[in-house]
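*Asks:* Would you mind keeping the following structure in view while I ask a few things?
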Amino acid sequence: MKKLVLILITVACFYTCKEESSLKFETNVVALSEVSQVEIEYPVAEGNSEAAITINNTISSYIVNSLNFEEGSVADVDVSAAVSKFDQEYTLFKRDFPESAAAWEASIEGEVLYTSPLITTISISSYLYTGGAHGNDYIKLFNFNNANGELLTPEEVLNINSDFMKLAQSYFESEVMKKDENIKDYFFGENFKLPENMGLNERGMIMLYNKYEVASYAQGYTEFLIPFKELEPYLKYQ
């Protein structure tokens with residue numbers, strides 16, 4: 001199975017997070033290989049607290065909708081049922097197009113990047129192939145309020161002012177130069193902007209641009225990390 005790996009994250013599970021964290025996680029695995037090829041591994045918050053239930057529903061809902069073929073989002077949070085439905089869709093596809101040789105594939109991997117008494121960051125890396133030249137992959141970062149499990153917006157986590165934008169842009173430009181690429185190839189002629197996905201790990205704040213977000217497919221993922229020593233003046237949660 002193909003697995004997506006965040007460039008800057010080498011160890012990112014709850015064993016490496018702060019011991020005083022009020023949330024603990026275990027790993028749930030759902031796999032299927034009889035017809036389509038499916039492997040899903042994701043963290044589950046332990047206990048029946050409001051925060052744990054809300055976090056688990058949010059993560060499960062995201063995974064279910066990643067496998068969904070229907071228009072719009074679905075409210076179901078049953079990951080096993082979604083995997084079975086994905087397999088059924090492939091079975092129907094093979095019935096209608098028996099000449100198709102490639103099996104459908106879904107690989108989704110979640111991990112806890114950071115957790116403290118106040119905030120938990122979880123990443124979900126997904127790869128789906130349902131025919132065509134190549135599959136689609138995407139990485140999503142979730143920042144949860146540990147008090148109630150609700151998602152935190154970037155503005156709730158950070159004080160995003162002009163100084164922070166300059167700091168982030170400097171790290172972005174440094175990362176592009178490391179890749180020996182031209183900064184003009186990014187943002188499609190527009191000004192610098194923050195990525196849709198930002199989240200904490202044990203070193204600082206990950207800033208992640210998915211494919212096509214600010215550049216062509218050839219540029220792939222672009223990500224950089226702002227260390228805590230630079231981030232602290234702007235950080236509201238840690």
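*Asks:* How far is helix 50-66 tilted off the main Cα axis of the chain, in degrees rounded to 10, range 0 to 90?
*Replies:* Between the helix axis and the principal axis of the chain, the angle is about 60 degrees.
*Asks:* Rank these residues by their accessible area, most exposed first, probe 1.4 Å: Phe69, Phe188.
*Replies:* Sorted descending by solvent-accessible area, the residues read Phe188, Phe69.
*Asks:* Taking Cα pairs under 8 Å and at least six residues apart, what relative contact order does the chain come out at, in percent?
*Replies:* The value is 19 percent.
*Asks:* Largest first, how would Glu196, Glu109, Glu232, Glu223 line up by accessible area (1.4 Å probe)?
*Replies:* Glu196, Glu232, Glu109, Glu223
*Asks:* Residues of segment 151-191: accessible area per residue at 1.4 Å, in Å²?
*Replies:* Result: 67 Å² per residue.
*Asks:* On alpha-carbon atoms, Rg over Rh for the chain using Kirkwood Rh?
*Replies:* Rounded to two decimals, Rg/Rh equals 0.99.
*Asks:* Give me the percent of DSSP beta bridges within the chain that run antiparallel, rounded to the nearest 5.
*Replies:* 90 percent
*Asks:* Taking all protein chains together and a probe of 1.4 Å, list Thr121, Thr91 from the most accessible to the least accessible.
*Replies:* Descending accessible area places them as Thr91, Thr121.
*Asks:* For Asn148, what charge total do you get from the other residues with a beta carbon under 14 Å from its beta carbon, if Lys and Arg give +1 and Asp and Glu give -1?
*Replies:* Within the 14 Å Cβ shell, the charges total -3.
*Asks:* Quick one: net charge of Thr54's neighbours, Cβ under 15 Å, K/R +1, D/E -1?
*Replies:* For residues surrounding Thr54, the net value is -3.
*Asks:* Summarise the accessible area of segment 60-139 (1.4 Å probe, protein heavy atoms) by the percent that is carbon and sulfur.
*Replies:* Using a 1.4 Å probe with all protein chains present, segment 60-139 comes out at 52 percent carbon and sulfur.
*Asks:* Using the basic label-point model (7 angstrom from Cα toward the beta carbon), what is the Glu232 to Ser84 distance in nanometres?
*Replies:* Using points 7 Å along Cα→Cβ, the separation is 5.2 nm.
*Asks:* Using the basic label-point model (7 angstrom from Cα toward the beta carbon), what is the Ala218 to Glu150 distance in nanometres?
*Replies:* It is 4.5 nm.
*Asks:* Right, next: Please give, to one decimal in nm, the separation of the simple spin-label points placed at Glu46 and Ser162, each 7 Å out from Cα toward the Cβ.
*Replies:* 4.9 nm
*Asks:* Which whole-number percent is the relative contact order of segment 56-175 (Cα, under 8 Å, 6+ apart)?
*Replies:* Result for segment 56-175 is 14 percent.
The values are calculated or read from the model by the stated rules, or taken from the named source; none is laboratory data. All values reported here derive from a predicted model rather than from experimental measurement. In this analysis, Cβ positions are derived from the backbone assuming ideal geometry, glycine residues included, and neighbour counts consider all displayed protein chains. For accessibility, only protein heavy atoms count, side chains too; no ligands or nucleic acids. Shrake-Rupley method; radii C 1.70, N 1.55, O 1.52, S 1.80 Å.
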